[in-house]
Amino acid sequence: MFRTGALPRTLLTSLLLLPLAACATSDGERQEDKAGAAADGFPYTVTNCGVRTTFTQAPQRAVTLNQHTTEILLALGLQDRMAGTAYLDDEISPKYRTAYDSVKVLAKEYPSKETLLGANPDFVYGGYASAFEKGEGRDRTGFQKSGINTRLNIESCAEGPIGVDELRTEITQVSRIFGVPERGKKLVAREQKGLDAVAARLKDIEPVSVFVYDSGDSSAFTAGGQGLGNDIISRVGGRNVFADVDKSFADVSWERVIARKPDVAVIYDYGGTSVAAKKKRLLDDPALKDVPAIKNRRFAVLPLSSAVLGVRAADAVDGLAAQLHPGAK
């Protein structure tokens with residue numbers, strides 16, 4: 001699983017998940033469903049992670065690399081425009097399972113350049129910077145020279161903290177690229193409704209301190225203060241004990257974990273190491289026995305795909321809030 005890379009930062013100061021305009025008429029929705037060349041809204045020019053692209057029509061053969069980008073397209077009902085997908089972190093959301101099963105899986109992890117090009121894509125959408133690894137022949141410049149447009153999820157290139165507020169930017173731009181802006185508005189509104197419901201439920205909750213355990217043995221790989229995971233924790237009545245770390249993810253020493261005395265350990269669920277194995281690693285470490293989260297066996301679980309910038313934000317906040325504050329209604 002790759003989530004590394006130097007991340008330039010920009011602080012998005014506007015509140016991005018504001019109530020949106022009413023949905024289009026049925027005629028407008030039918031217009032959106034047409035192939036891109038005939039739809040309104042083109043040409044559409046957007047600068048994404050330093051790459052400026054002009055779309056003259058909507059992509060018809062998209063390939064998604066990484067689960068959260070895959071689920072964004074599926075949530076927008078674009079499975080019929082997908083020529084392939086690759087690299088799940090965990091189980092695909094049940095909401096999108098049927099749609100996902102209709103899309104060809106190119107590889108378990110990242111496909112080779114040859115396999116990817118064999119799908120004849122006109123658009124490649126990556127979730128992490130590693131999706132466009134130059135050494136593997138998947139760099140964005142190379143794709144652009146070959147006439148293939150690209151997009152990188154903005155969590156991998158933003159300056160400043162990323163939170164669920166940035167969902168409006170990601171979803172709005174992607175839905176514009178595919179000529180379905182009204183679907184994007186509906187999706188953002190759905191996420192906002194879920195977030196508002198949790199906020200109302202937790203308005204009088206006393207925050208608890210949280211340590212995120214992603215992985216690691218000699219050190220702990222955890223959530224810093226720059227990624228979506230940190231924002232989710234703050235929205236569920238939690239305080240990330242490593243919010244002062246200026247990265248989305250980072251290695252920290254166990255001594256620092258001990259010193260910060262978290263009340264709860266949130267375990268990221270993904271890959272080949274089970275949640276049970278991660279709990280055992282924490283419980284079996286004698287150095288951690290007096291850490292409140294470990295001593296009191298206060299654990300919560302969050303799928304990794306829910307902790308990155310995708311369409312699970314509202315569900316992630318709802319689910320994690322229920323684990324941290326089971327009595328809140």
> 222 nm [θ] for the chain, helices only, -39500 (n - 2.57) per DSSP H run of 4+, per residue, to 500?
Replying inline: -9000 deg cm²/dmol
> Exposure proxy check: 172, 98 ranked by fewest other beta carbons within 10 Å?
Replying inline: 98, 172
> Lysine pairs in the range 81-206 with alpha-carbon atoms under 27 Å apart, 8 or more places apart or on different chains: how many are there?
Replying inline: 18
> When Rg is the radius of gyration of the Cα atoms in the range 160-266 and Rh is its Kirkwood radius, what does Rg/Rh come to?
Replying inline: 1.07
>> Along its three principal axes, how long is the range 26-194 when you only count alpha carbons? Whole Å, largest extent first please.
In response: 45, 37, 33
> Tell me, in nm to one decimal, what length is gained between residue 146 and residue 259 on full extension, where the rule is 0.36 nm per residue of separation less the Cα-Cα distance?
Replying inline: 35.5 nm
>> For the chain, what are Rg and Dmax over the alpha carbons, in angstrom?
In response: 20.2, 65
> So which lysines can residue 261 reach, going by Cα to Cα under 22 Å and dropping same-chain residues fewer than 8 places off?
Replying inline: 247, 278, 279, 280, 289, 295
> Along the principal axes of its C-alpha atoms, what lengths does the range 90-144 span, in descending order and rounded to whole Å?
Replying inline: 34, 22, 17
> In square nanometres, what is one fourth of the surface area of the convex hull spanned by the alpha carbons of the range 204-324?
Replying inline: 6.9
> Among the trypsin sites (Lys or Arg not before Pro) within the range 246-319, which fall in a DSSP loop and have no more than 13 other Cβ atoms within 10 Å of their own Cβ?
Replying inline: 289, 297
> Taking H as built 1.01 Å from N, whose amide H comes closer than 5 Å to the amide H of residue 209, not counting residues under 5 places away?
Replying inline: 239, 263, 264
> DSSP beta bridges in the range 26-194, what fraction antiparallel, as a percent rounded to 5?
Replying inline: 25
> What is the spin-label model distance, in nm, from residue 193 to residue 301 if the labels are put 7 Å beyond Cα along the C-beta direction?
Replying inline: 2.9
> What trypsin sites (Lys or Arg not before Pro) does the range 106-170 have in DSSP loop regions with at most 16 other beta carbons within 10 Å?
Replying inline: 108
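Coordinate-derived values only; no laboratory data. These numbers come from a predicted model, not from an experiment. Ideal geometry is used to build each Cβ from the backbone, glycine not excepted, and the neighbour counts take in all protein chains shown.
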